[in-house]
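Data first, discussion second: the structure below is written as structure tokens.
Bear in mind these aren't lab numbers, they're just calculated from the coordinates by the rules spelled out. Bear in mind that the values here come from a model prediction, so they are computed numbers and not experimental data. Quick reminder, even Gly has a Cβ in these numbers, built from the backbone with ideal geometry, and neighbours come from all protein chains shown.
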Amino acid sequence: MEREEKIIATNRKARHLYFIQSTVEVGIVLTGTEVKSLREGKANLADSYAVVKDGELWLHNFHISPFKHGGTHNHEPMRVRKLLAHKKEIRKLSVKLKEKGFTLVPLRVYFSGRHVKVELGLARGKKMFDKRESVKRRDTERELQRYIKRS
């Protein structure tokens with residue numbers, strides 16, 4: 001039985017700024033009002049990143065807007081959130097993150113069934129010339145598709 005995925009937020013800048021080496025799906029610890037805000041699509045992944053601290057994964061700078069009917073029980077929008085993964089996966093990521101230039105970047109947040117999941121990408125930063133090369137390649141592919149469409 002396959003679970004239905006409903007994408008909440010994507011980090012569109014991530015693939016432009018980083019080379020994504022591999023991806024991993026992890027869970028996230030949320031409060032009730034955070035889940036309700038996510039169901040409304042009120043999330044922003046821009047500038048967010050994950051770190052391994054004391055053998056646990058933590059997500060920083062992930063903004064979830066306060067729930068409009070939350071009242072006094074609302075959550076802090078930019079709080080650090082714990083990510084859920086197997087110890088073996090966390091150890092592998094920790095070893096990779098110790099190498100120079102690697103970082104953990106959230107690529108998307110989505111509902112998998114009734115659970116909220118985060119897709120993390122193990123990424124290495126692009127240099128300026130790499131970004132220009134990516135833009136150039138994308139433009140040539142776009143021109144080629146236009147040419148094929150006209151023919």
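Summary of packing: across the peptides 108-114, 140-146, 61-67, the per-residue average of other C-beta atoms within 10 Å ranks them, highest first, as 61-67, 108-114, 140-146.
When the chain is treated as a Gaussian network with alpha carbon springs shorter than 10 Å, the biggest mean-square fluctuation among Leu120, Leu104, Leu93 belongs to Leu93.
Here, the chain is characterised by an Rg to Rh ratio of 1.05, where Rg is the alpha-carbon radius of gyration and Rh the Kirkwood radius.
Structure remark: mean-square fluctuation, Gaussian network model of the chain, C-alpha springs under 10 Å; the largest value among His60, His75, His86 belongs to His86. Taking Cα centre as origin and charging only the Cβ of basic (Lys, Arg, +1) and acidic (Asp, Glu, -1) residues, the dipole magnitude of the chain rounds to 500 debye. If you run the Gaussian network model on the chain, springs between alpha carbon atoms under 10 Å, then out of Gly41, Gly121, Gly71 the most flexible one is Gly71. Which pairs break 23 Å Cα to Cα here: Lys88/Lys131; Lys53/Lys88; Lys6/Lys36; Lys87/Lys117; Lys96/Lys127? In this structure, Lys88/Lys131 lie more than 23 Å apart at Cα.
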